[in-house]
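The values are calculated or read from the model by the stated rules, or taken from the named source; none is laboratory data. The shown structure was predicted, so the numbers you read here are calculated from the model rather than taken from an experiment. Cβ placement follows ideal geometry from the backbone for every residue including glycine, while neighbour counts extend to all protein chains displayed. For accessibility, only protein heavy atoms count, side chains too; no ligands or nucleic acids. Shrake-Rupley method; radii C 1.70, N 1.55, O 1.52, S 1.80 Å.
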Amino acid sequence: MPPNTELCSTLDRCVFTLQDVEQRVKQGEAVFIFENKVYRVDRFLSKHPGGELAIRHVLGKDVTDEIRSMHPPRVYESMIRHYEIGDYWPMPVPSAAGDRVAAAPADPEGRASRDVRLKAKWQGGMSIEAYDGAIEDLYNKHNLNQAEDRRDQGTLDMQQIRAAYRRLEREIRDRGYFECNRWRYGKECCRYVLFLYLSLWFTLRGSETWQYLVGAFFLGCFWHQLVFTAHDAGHNGITGRVKVDHTIGVLIADFIGGLSIGWWKHSHNVHHIVTNHPEHDPDIQHLPFFAITTRFFNNIYSTYYKRILPFDAPSRFFVRYQHYLYYIILSLARFNLHRLSFQYLLFHKNVRNRKFELAGIGFFFCWFGALLSTLPSWPVVFGYLMISYIVTSPLHVQITLSHFGMSTDDLGPSEPFPAKQLRTTMDVDCPEWFDWFHGGLQYQAVHHLFPRLPRHYLRHCVPLVRAFCKETGLQYYMYDFTTGNGVILGALKSVADQVHLMNDVAKYNSNVWAGDIQHKNKMAH
C-alpha cells in the first residue's frame, strides 16, 4: 500500500498508516493508536476523567503502553472499543531516536554498579565553598552518566524494549502486585488516627506555647501521611472504581487537607505523560523560583498553563540563588497548592464535581479556622500555621528529588514509554523500616513505569525493574536520600551558574559600551 493512503473496505473498515493518523490529527481530529487499532475520541476529550490535556499530548502516536499503564483493564478491554475507527498498519518510519535493532551496551551491569557507588561526600568544613563543591561534583558525575546513557540508548532496539516492558507488566500482574492490599490501609489508618489524636490533644488540652506548637507538628505529620492515600485515590488505585476513588480523594484532599484532588489529577496525569518536558510538564514549571534547565531562559510557552513563563527580573534573582533557597521555598509549597487548587476550581472549564470540591475546601477552612481560634494569641496562631505547613515539606522534597536532577530532553515520539520514564525519573533508596515516612513513593521510577501499581508493592518490584533494565540495556537510577539531594542541588546550581554568567557578560558589555561612549565624548571635545 502506498504511503499516506487510507483504505476502507466495503464495510467501511479502514486501515491506517502512521502518516494517515498524523494527517487526521493535523486536520483537527483527536486520533491515536492503541494495540494496532486506531481510535477517534473527539466526543470523549472533555469527559476524560484524567483531563483533556493528557489525551492531547499523545494524539497521532502509538500509546499502547501509556494507556495500559494508566487505566484499569476494563477501560482498554471494553470501554475504548466504542471509539475504534479502523486498523493500524505499522510501517518502518525514520525517527530521531532511530528505531534500529542492535545489541544492548556491552556492560550494562558495569554501568549500573558505577552509579550505585555515587555517594555524597563533604570536605572542606562548614563553608559555602565546600557546599558548592560537593553538590557540583555529585551532579557532574551524574550528568556524565546521563550523557553516556543517552548515547547508548540510540543503539538500543526500541521494539525489544516495548516487548520486554509488556512481559514485565504480565509478570507483575501474575504475582498479584496490581491487587490492592487493603489491610495495609488499616495499618496506615492507625497511624493517621494517632497523629490526629496527638495533634488535637496538644492543641486543645495544652496551656503552654510549646504544647500548641507540638500539636501543630503532629497535624503536619497527619497531613503529610494522609496525602499518600489521596495519591492512591487519584490514580484509582484503592477500589479501582473511578467514582468511588474520586470521592475518597475529595474527602481526604479537599475536606481534610484543603487541596483540590481534581486539580491534582488534572496536573499529575499530564506529568506522567510528558515527564520533565519543559514546555508541557507542570511539575517542573516553577518560575520565578526554580528553573531546572536553561531552556526556561527563553520565555517558553507552557501548554498546561496556556501562557508564557517569563524569565524576568524576579526569575533571574531567585534562579541565581535557587540551590541555596531550595529547602526554604519548598517549606512554603503547601501555600502555593491552595492557590493552584482555587485557580483550577474557579477558572478551569471542565471540572468534575466542582461544587463538591468547593464545599470540601470551604469545610476545611471552617474546621481549621475554628481550631486556630482556640489558640491564645496571634503569634501562636502564626507559629501553629507555619509549623503545620512546613512539616509537610519533606513530601515536596521527595517528589522534586525524583525529577529535578534528571533529563529534560525530548527524544521524539519513537522513544518507548518505559525508556522515557527511566530517563526522567530517579528512585530514592532507604531502609525498609523507613518506608512509612516516604509512603512507599520514594520509588518514583517504578511508580512512573506502572502508575496504577499500589505503592505498597513498589519496593517488591525494584528487583524486577533492575532485571528489565539489565535485559534491555536501559539505566535505572537509584540513589540514597543524601546523594539524591546532592544531585538535585548540583543540578540547580548548574543552571544558577548560567544566570551568574549572563549577569557577568551583561555587566562587561555595559562597561565596554559605557567606555566607548566616554571615549567618543573625549574625541568630540
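Please state the shape class of the stretch 249-342: rounded when a/c is under 1.5, otherwise prolate if a/b exceeds b/c and oblate if not, all from the C-alpha gyration tensor.
Numbers: a/c = 2.32, a/b = 1.44, b/c = 1.61.
Judged from the Cα gyration tensor, the stretch 249-342 comes out oblate (a/c at least 1.5, b/c at or above a/b).
Shape verdict for the stretch 293-414, please, from the Cα gyration tensor: rounded (a/c under 1.5), prolate (a/b greater than b/c) or oblate. Note, shape of the stretch 293-414 comes out oblate. Dividing the helix sum by the residues of the chain, where each DSSP H run of 4 or more adds -39500 (n - 2.57), gives a mean residue ellipticity at 222 nm of -18500 deg cm²/dmol. Within the accessible surface of the chain, defined with a 1.4 Å probe on protein heavy atoms only, the carbon and sulfur portion equals 60 percent.
Candidates TRP433, TYR479, CYS469 compared by Cα position along the dipole of the chain: farthest toward the positive end lies TRP433, with charges placed on Cβ.
Rounded to the nearest Å, what's the spacing between the alpha carbon centres of the stretch 377-454 and the stretch 282-311? Just the number, please. Here the two parts' Cα centres lie 20 Å apart. Accessible surface calculations at 1.4 Å, restricted to protein heavy atoms, place the chain at 48 Å² per residue.
Charging the Cβ of each Asp and Glu at -1 and of each Lys and Arg at +1, and nothing else, the dipole of the stretch 278-373 about its Cα centre rounds to 240 debye.
Classify the stretch 293-337 from the C-alpha gyration tensor, please: rounded if a/c falls under 1.5, else prolate or oblate depending on whether a/b exceeds b/c. Here the stretch 293-337 falls in the oblate category.
Projecting the Cα positions of VAL41, PHE296, ASN353 onto the charge dipole of the chain (unit charges on Cβ atoms of Lys, Arg, Asp and Glu, taken about the Cα centre) puts ASN353 furthest along the positive direction. Dipole magnitude for the chain: computed about the Cα centre from +1 point charges on Lys and Arg Cβ and -1 point charges on Asp and Glu Cβ, it is near 1040 debye. When +1 charges are put on Lys and Arg Cβ atoms and -1 charges on Asp and Glu Cβ atoms, the dipole computed for the stretch 319-417 relative to its Cα centre reaches about 440 debye. Annotation: amide H-H contacts under 5 Å for ASP480 (H modelled 1.01 Å from N, sequence separation of 5 or more, or interchain): ASP429. With contacts taken as Cα pairs under 8 Å at a separation of at least 6 residues, the chain carries a relative contact order of 20 percent.
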